[in-house]
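The values are calculated or read from the model by the stated rules, or taken from the named source; none is laboratory data. Because the structure is predicted, anything quoted here is derived from the model rather than measured. Cβ: placed from backbone, ideal geometry, glycine included. Neighbour counts: every protein chain shown.
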Amino acid sequence: MSDEARKCHKTRASWRTRRGLAGAAALLLAGLAAAPVAAAAERPHTGHRGSLVSITPVADHDAGGVREFLAGRDIATGSVRYGVRAYRLTYRTVDPYGKPTTATGLLTLPRGGAHRLDLVSDTHGTMVKRSYAPSAGEDFGRVPSYLNASAGRAVAAPDYLGLGAGPGPHPYMDTASSVTASVDMLRAARTAADRLGRPLTGDVYATGFSQGGQVAMALGKALQSGADQHFRLKALAPVSGPYDLEGQEVPALFDGRVNDTSGVLYISYWLIAQNRLHHFYDDPAEVFRAPYASRVEGLFDGSHEEDDVVKGLAPSVKQLLTPVFHERLQHPAGPVLDAMRSADHTCDWKPEVPVRLYAGDNDTDVPIGNARTCARTLAGEGARVRVVDQGAVDHFGSFAVSAPHVVRFFDRVAD
């Protein structure tokens, strides 16, 4: 493993394992209070997309507790004005084939501020374990929710399909189903906020990190196109998203711009998930070398820690894939190219709202070329967009620096 890969893996692991005692106590107290609110939510409902199934409190922090949570994860706390209350929502949506299913997500509300709240949509980055999802675990996946809610807005953070308490496998990097789950989470959040006495204005500010940056762009496109008449897109601020798989992200696996550890993790996850939708192989041995072919699908069943997934895979993409498939990824065609291109149309529209694309120069997970390609595409559509280059920071560093900037950007747009 290279020094860069070790550094990246250490950073990812530290983000996964920082959990405070205060957060655990809040979860315990919230669990004791869950029954009355959940019962109130379990009213007769339709099977329509976005209909709310249940509300369960999962966290309650005063402003000091929010600052402690953020500071413990190296996040600036200057925007914190209020405490927060967070709730797990279970809601109805559809799977990648359009069949009814359920999903979960986190609704976070400020303890104070305006009665009627603007709404932030926060879409999270790559997660291999169900319990990493925002509604399931109080870890770095909640940073944007707590940041934005403590600044005075409601925040809807979908777990996506197959993560949190949602059934089935997670269709990793399937843009279409990520957008439907995100739109339906907004609908569920609207109902829940009403029931909790904090109605929403209908204005939506969209952000997201890594995988979620790409989802945020696609969600913005859907909202501006009228995906739901109750919601109005006001601003868009994705962070370090893989907006260009074909032209940037996948080629970067082979030219050194993506570090080995992250490259192996991402491409394994992507191939397994996308094979269910685009059918690359009948047997994993057609794609993965031994001994990885016999274990790779099991590693991504949603129950494994990221450290264990990484340890079970090859040290490099070249050592992971068969020579034939290694070559096929470098010169994609057929279903592989179709899968890439199905995710690569999130920037081909003209936003009518302010847009900032945040990224870092030293990002060896999602190289900054992704943001620059997206900006050029948006500009070609006639949009005004700015790439905010955060300088010599890596992938998670770009998130840590950018997340508070996004809050301030949304504040400026709202004023």
* Asked: How do the pairs read when you match residues in the stretch 330-347 that are farther than 17 Å from Ile272 by Cβ and modelled with pLDDT of 95 or more with residues anywhere that are outside any helix (DSSP H, G or I) and among the small types (Gly, Ala, Ser), using Cβ under 7 Å and keeping only pairs 6 or more apart or on different chains?
  -> none
* Structure fact -> For the stretch 49-71 the number of residues that are in contact with a Gly (Cβ under 9 Å, 6 or more places away or on another chain), β-branched (Val, Ile, Thr) and in a strand (DSSP E or B) is 2
* Asked: Quick one: in the stretch 23-73, which of the residues that are more than 28 Å from Ala181 (Cβ to Cβ) and either of a type in the set (S, T, N, Q) or modelled with pLDDT of 95 or more (or both) is surrounded by the most Cβ atoms within 10 Å (Cβ to Cβ)?
  -> Gly65
* Any idea which of Asp255, Asp228, Asp184, Asp203 is in a helix (DSSP H, G or I) and more than 13 Å from the chain's Cα centre (by Cα)? -> Asp184
* Asked: Residues of the stretch 146-191 being in contact with a helix residue (DSSP H, G or I) (Cβ under 8 Å, 6 or more places away or on another chain), hydrophobic (A, V, I, L, M, F, W, C) and within 20 Å of Gly241 (Cα to Cα), which ones?
  -> Leu147, Val155, Ala156, Ala157, Leu161, Leu163, Met173, Ala176, Val179, Val183
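Of the residues that sit in the stretch 111-131 and are of a type in the set (A, V, I, L, M, F, W, C) and within 19 Å of Asp307 (Cα to Cα), which one is farthest from the chain's Cα centre (by Cα)?
Taking the stretch 111-131 and keeping what is of a type in the set (A, V, I, L, M, F, W, C), we get 114, 117, 119-120, 127-128.
Filter again for within 19 Å of Asp307 (Cα to Cα), leaving 127-128.
Working: Met127: 8, Val128: 12 Å.
Among them, the one singled out is Val128.
Condition test on Ala285, is it over 19 Å from the mean Cα position of the chain (by Cα), surrounded by fewer than 23 Cβ atoms within 10 Å (Cβ to Cβ), under 18 Å from Phe300 (Cβ atoms) and not aromatic (Phe, Trp, Tyr)?
Working: over 19 Å from the mean Cα position of the chain (by Cα): yes; surrounded by fewer than 23 Cβ atoms within 10 Å (Cβ to Cβ): yes; under 18 Å from Phe300 (Cβ atoms): yes; not aromatic (Phe, Trp, Tyr): yes.
When the stated conditions are applied, Ala285 passes them.
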* **Members of the stretch 340-392 that are touching a His at 6+ places or on another chain (Cβ under 9 Å) and surrounded by fewer than 17 Cβ atoms within 10 Å (Cβ to Cβ)** => Ser342, Asn362
* To do: For the stretch 76-92, indicate whether the set of residues that are assigned by TED's automatic domain parsing to the domain that holds Gly397, in a loop (DSSP other than H, G, I, E, B) and on the phi > 0 side of the Ramachandran plot is non-empty.
  => no
* To do: Consider Asp301 carefully, then state whether it is out of contact with any Phe, Trp or Tyr (no Cβ under 8 Å at 6 or more places or on another chain), charged (D, E, K, R) and either outside the structural domain of Gly226 (by TED's automatic domain parsing) or crowded, with 17+ Cβ neighbours inside 10 Å (or both).
  => yes
* **Filtered residues of the stretch 93-110 (kept if within 18 Å of the chain's Cα centre (by Cα) and outside any strand (DSSP E or B))** => Asp95, Pro96
